[in-house]
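Heads up: the structure comes next, in structure tokens.
The values are calculated or read from the model by the stated rules, or taken from the named source; none is laboratory data. These numbers were taken from a predicted model, which means no experiment stands behind them. Here Cβ is always computed from backbone atoms with ideal geometry, including for glycine, and neighbour counts include all displayed protein chains. Note: areas computed on protein heavy atoms with side chains; ligands, DNA, RNA excluded. Shrake-Rupley method; radii C 1.70, N 1.55, O 1.52, S 1.80 Å.
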Amino acid sequence: MHITRQQIDEFPHLYKINLMNSISGYKPANLIATKSFDNITNVAVFSSVVHYGSSPAILGFVLRPTTVVRNTYNNIKETGYYTINAINEAIIEEAHHTSAKYPSEISEFDKTTLSEEFKNNFHAPFVAESPLQIGMKFLEEHHIKANGTILVLGEVTDLYFKDSMLSEDGFLNLSEEKIAAINGLDTYMVAENYTRLSYQRPKE
């Protein structure tokens, strides 16, 4: 099948966003949690978290345009802190419900069975049910002029995970805790098998 740019532009809205969100492949499934200065917590599902470097350890994620209220963005800009929490098989349905649009005064933690977990005086909550929790400090943002989205970059300040996930060489095996990936906007899957290959060097 061949689809042209003109055809993409003419597709019905929902069809187009389903297609365009699928073509980039499997994406990480995470919950980003924040807390406002008024102590109202927020948690929302994101599939755009990307590694941007190890020294310092930087992760980025993309926010939709702020033409409407974005509680996650507002709380990060207010406080400078947030958490990234991996979604595993056990919490997929509850995690997905956080994509519903609640007013800023309502916490998604109160509308799901997900639990807030505060650790070591970190301002933002972690998701207690997540087997991989990452504390983040806001670094910078970049506005994407082409479509009005925002790339948010943050520094990893804290890591919490199940001991069984960690290999001797530092590799974190996400399949050990059935951590999910997202295909498109609403399809979740869990890897059962994986192949890990050695570091490659030029052949003699």
Do we find that L139 is open to solvent by 40 Å² or more (accessible area, probe 1.4 Å) and among the hydrophobic types (A, V, I, L, M, F, W, C) in this structure?
yes
Strands (runs of 3 or more DSSP E) (entirely within region 121-204) containing at least 1 residues that are under 14 Å from N30 (Cα atoms) and among the hydroxyl-bearing types (S, T, Y):
187-190
Of the residues that sit in region 39-96 and are within 17 Å of P28 (Cβ to Cβ) and among the hydroxyl-bearing types (S, T, Y), which one is surrounded by the fewest Cβ atoms within 10 Å (Cβ to Cβ)?
S54
Failed criterion for I150 (all others in (1) open to solvent by less than 10 Å² (accessible area, probe 1.4 Å); (2) closer than 19 Å to I87 by Cβ hold):
(2)
Qualifying residues in region 97-122 (those that are touching a helix residue (DSSP H, G or I) at 6+ places or on another chain (Cβ under 6 Å) and not hydroxyl-bearing (S, T, Y)) - the one most open to solvent (accessible area, probe 1.4 Å)
E116
Given the condition of a type in the set (A, V, I, L, M), in contact (Cβ under 8 Å) with a residue 12 or more places away in the chain and in contact with a Phe, Trp or Tyr (Cβ under 7 Å, 6 or more places away or on another chain), answer yes or no: does some residue in region 64-75 qualify?
no
